[in-house]
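Asker: Can you read through this structure? Questions will come right after.
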Amino acid sequence: MQEFKAYRGIANALRRKICEAVHKEWLKGILHILMGSANLMPIQMLDHLKTGRAVLDHIDVNQLTLKLTKPWDGNQNPATHFTCDDHYECQLIKAGLPDQQVLCLNITLASYKTTGLYDGPL
């Protein structure tokens, strides 16, 4: 019985870690509306991600692109802005879109200059 409890505990911990590590958009297709990931085994979640069934659709790509090209808000820490942009960009690259790093940097630099709120080493 102890082995079974340990097995269930490890499976629960793995499910939580997978959900933390992967954006919910990638798991949206298999998560249960009420139970979330409780009805899945970690191997099922990994298979879903590995087989490409976790592909972003056109609407998701458009939403991520809009978030990526959104100008910097003067109330937001610049490091937070870049972290969010990196997260969105990684998702778009996984979806097959080209790298948008230069565009994002130009948009952010222009918004820094426009607001005048950040005079860092630019």
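The values are calculated or read from the model by the stated rules, or taken from the named source; none is laboratory data. Owing to the predicted nature of the structure, the values given are computational and were not obtained by experimental measurement. Here the Cβ positions follow ideal geometry from the backbone for every residue, glycine too, while neighbour counts run over all protein chains shown. Accessible surface areas use protein heavy atoms only, side chains included; no ligands, DNA or RNA. Shrake-Rupley method; radii C 1.70, N 1.55, O 1.52, S 1.80 Å.
Asker: Does residue 8 qualify as being basic (Lys, Arg), open to solvent by 60 Å² or more (accessible area, probe 1.4 Å), out of contact with any Leu (no Cβ under 6 Å at 6 or more places or on another chain) and modelled with pLDDT of 85 or more?
Answerer: Yes.
Asker: Among the listed residues 108, 83, which satisfies the condition of being at pLDDT 80 or above and β-branched (Val, Ile, Thr)?
Answerer: 83
Asker: Could I ask something else about it? In the set 46, 68, which member is aliphatic (A, V, I, L, M), under 13 Å from the mean Cα position of the chain (by Cα) and either at pLDDT 80 or above or open to solvent by less than 60 Å² (accessible area, probe 1.4 Å) (or both)?
Answerer: Of the residues listed, the single one that is aliphatic (A, V, I, L, M), under 13 Å from the mean Cα position of the chain (by Cα) and either at pLDDT 80 or above or open to solvent by less than 60 Å² (accessible area, probe 1.4 Å) (or both) is 68.
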